[in-house]
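Visitor: Below you'll find the structure I mean.
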Amino acid sequence: MAALTVAQAEECILAHAGDFGTECLPLGQAAGRLLRQEVRAERDQPPYDRVMMDGIACRADAAFPLTCTGLQGAGQAPQSLPEGNTCIEIMTGAVLPHGADCVVPVERLKREGDQISLQPGSAPLEMGQFIHPRGADCRQGVVLLRPEQYLGGPALAVLAANGVSQVQVGRLPSVGIISTGDELVAVDAPVEAWQIRRSNDIGVQGLLAGWGVHEVQRSWVRDALAPLTAHLQAQLAAHDVLILSGGVSMGVFDHVPQALEQAGVKKVFHRVLQRPGGPVWFGIGPQGQRVFGLPGNPVSAMVCAARYVSVLLRAGQLGEAIRTVGGPSAPGLSELRLSAPVERLQNRTRFLPVQIRGAGEGVPCPVPTSGDFMTLAQTDGIVELPPGAEGNLQLPAGSPVRFYGW
Ligand SMILES: Nc1nc2c(c(=O)[nH]1)N[C@H]1C(S)=C(S)[C@@H](COP(=O)(O)OP(=O)(O)OC[C@H]3O[C@@H](n4cnc5c(N)ncnc54)[C@H](O)[C@@H]3O)O[C@H]1N2
Ligand code: MOO
């Protein structure tokens, strides 16, 4: 099978993303999730004519001085303004008293006993001033949130304000992250001169945490077909999604594709026209598990997780019926402008690490090879540079490019 373009790989992932299902969560646990229900306004918002300033409520055509006949705070049932030149002392958030049609802030008033007059030079009263009318924000029954909505702070506040205490959201998958490679040792183990510490697995776990996925198990297996196959079978039984790193290129110890096949995982694609991360692998397990084989080089592993695993997670949380586009599961900048010219590649997509500067500018932070990952920690993500044509590889400063954060 020929290598796919990045767009084709994304389409394949979307077509095979399936549906992680829906779950009902108490509002306090729903932050960062994707909504899978429609939410309508429980009542008009604000639900009553709401006083916007601490001061008095009166009639706009009343003649000062006014006689103050009562005090009404927020959370109290509305009083009635008596006939004549009267007012009620009122607090922000209170219901407008019956019969009143304007509010005067306390800074504009002088008080002597129960007699209230206007400060000299105060503007004339206008009907409706400092009153937030019932229904001005929204009318009862209008659609406020739709499926696919990211539940950040403002959306959670809307849910709470409308009495939604239990919310239908996309379920998150359980993920197994598997490092392969005989050279890899644990972070806290003694390390020989010919060994390296494994870092891709925790790096991928960090990305998953940023997308709200916390049910994660990390494991390691050596480069041998039989143990790899057995480990894959066990991990497939335990998780909805597997993310492997290493062993997907052409070395004699790169057993991952064969072991996946033996474990019943059907290949959807292997290799994408991109750098880094070209050897990336994706397939479907016997019970519909989604399986990624990320190339082992650390920059490649991060790039492929940021670009492809993010697409699967978002799509699987939304299900086929409601999802419209792929992309990162959390909102954020999705397009940057390049701060400097960059070179595209011919016939393949280039993923370039960047720092975000100011309002949506991406500063290129190229790394010499996909094994140089120490400076990646100073970057915010990658931009996707589509292939360029021969003789026209340079992309000028200011060009808009798609951004994937980490
Ligand atoms: N003859 C060819 N050789 C290679 C090709 C190719 O097309 N033909 N592709 C190269 C590219 S591109 C990449 S990327 C790598 C991908 O290789 P693998 O996925 O098989 O990964 P490994 O060989 O197992 O490891 C590569 C590199 O990454 C280090 N590594 C692996 N896992 C981890 C981990 N969990 N934490 C930290 N570092 C890890 C590993 O030690 C190697 O140095 O293949 C090229 N070769
Ligand atoms: O994914 Mo490889 O460089 O393209 O390291």
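Visitor: Projecting each Cα onto the charge dipole of the chain (Lys/Arg +1, Asp/Glu -1 at the beta carbon, about the Cα centre), which of 217, 143, 93 comes out farthest on the positive side?
Guide: Value: 217.
Visitor: Next question, about the same structure. Okay, helix-only estimate at 222 nm for the chain: each DSSP H run of n ≥ 4 adds -39500 (n - 2.57), divide by all residues, round to 500 deg cm²/dmol; what do you get?
Guide: Helix-only estimate at 222 nm: -5000 deg cm²/dmol.
Visitor: Determine the gain in length on full extension of the stretch residue 230-residue 192; use 0.36 nm per residue of separation and subtract their C-alpha separation, reporting nm with one decimal.
Guide: 10.9 nm
Visitor: How much FRET efficiency would the formula 1/(1 + (r/R0)^6) give for residue 320 and residue 237, where r is the Cβ-Cβ distance and R0 is 30 Å, rounded to 0.05?
Guide: 0.75
Visitor: Also, quick follow-up: Using protein chains only and a probe of 1.4 angstrom, how many square angstrom of residue 270 are accessible, to the nearest 10?
Guide: 30
Visitor: Hydropathy at least 0.5 by Kyte-Doolittle, axial extent at least 18 angstrom from the Cα trace: which helices of the chain, defined as entire DSSP H runs, fit?
Guide: 225-238
Visitor: Which cross-chain or sequence-distant (5 or more) residues have an amide H under 5 Å from the amide H of residue 273, H modelled 1.01 Å from N in plane?
Guide: Amide H to amide H, under 5 Å and 5 or more residues apart or across chains, residue 273 pairs with 4, 5, 6.
Visitor: Now a separate question. Choose one answer from 301, 30, 389: the residue with the largest mean-square fluctuation in a GNM of the chain with alpha-carbon springs under 10 Å.
Guide: 389
Visitor: Based on Cβ point charges of +1 for Lys and Arg and -1 for Asp and Glu, what charge dipole magnitude is obtained for the chain about its Cα centre, in debye rounded to the nearest 20?
Guide: 740
Visitor: Sticking with this one: Normalised by the residues of segment 192-327, what does the relative contact order come to in percent, with Cα pairs under 8 Å and at least six apart? Can you show the working numbers first?
Guide: Values: 184 pairs, mean separation 29.2, N = 136.
Relative contact order for segment 192-327 comes out at 21 percent.
Visitor: Consider a paramagnetic label point 7 Å from the Cα of residue 136 along Cα→Cβ; state which residues of segment 51-89 have an amide N under 12 Å from it.
Guide: Those under the cut-off are 51-53.
Visitor: How many percent of DSSP beta bridges within segment 54-179 run antiparallel, rounded to 5?
Guide: Antiparallel bridges: around 70 percent, rounded to the nearest 5.
Visitor: Work out from phi, with θ = phi - 60° and the Karplus expression 6.51 cos²θ - 1.76 cosθ + 1.60, the ³J(HN,Hα) of each residue of segment 247-257, listed in order in whole Hz, and give x for Gly and Pro.
Guide: x, 10, 8, 10, x, 5, 9, 8, 8, 4, x
Visitor: Could you order 220, 211, 281, 194 so the one with the most accessible surface comes first? Probe is 1.4 Å. Before the final figure, lay out each step's value.
Guide: Details: 220 95, 211 30, 281 5, 194 185 Å².
Ranked list, largest accessible area first: 194, 220, 211, 281.
Visitor: At 1.4 Å probe size, what's the solvent-accessible area of residue 374? Round to the nearest 10 Å².
Guide: About 140 Å², ignoring ligands and nucleic acids.
Visitor: Lys/Arg Cβ at +1, Asp/Glu Cβ at -1, dipole of the chain taken about the Cα centre: which of 190, 263, 277 is farthest positive-ward?
Guide: Final value for the positive-end residue is 263.
Visitor: With point charges of +1 on the Cβ of Lys and Arg and -1 on the Cβ of Asp and Glu, referenced to the Cα centre of segment 45-175, which listed residue (72, 58, 167) lies farthest in the positive direction of the dipole?
Guide: The residue sitting farthest along the positive end of the dipole is 167.
Visitor: Quick one: among 108, 43, 197, which has the greatest mean-square fluctuation in a GNM of the chain with alpha-carbon springs under 10 angstrom?
Guide: The residue with the greatest mean-square fluctuation here is 108.
Visitor: Moving on. Using Cα springs under 10 Å in a Gaussian network model of the chain, which residue among 371, 293, 84 shows the largest mean-square fluctuation?
Guide: In this elastic network of the chain, the residue with the biggest mean-square fluctuation among 371, 293, 84 is 84.
Visitor: Also, quick follow-up: Note down the nm distance, to one decimal, between modelled labels 7 Å out along Cα→Cβ at residue 340 and at residue 85.
Guide: 7.4
The values are calculated or read from the model by the stated rules, or taken from the named source; none is laboratory data. Because the structure is a prediction, the values reported are computed rather than measured. Because the Cβ atoms are built from the backbone with ideal geometry, glycine has one as well, and the counts that use them run over all protein chains shown. We work out accessible area using only protein heavy atoms, side chains counted, and drop any ligands, DNA or RNA first. Shrake-Rupley method; radii C 1.70, N 1.55, O 1.52, S 1.80 Å.
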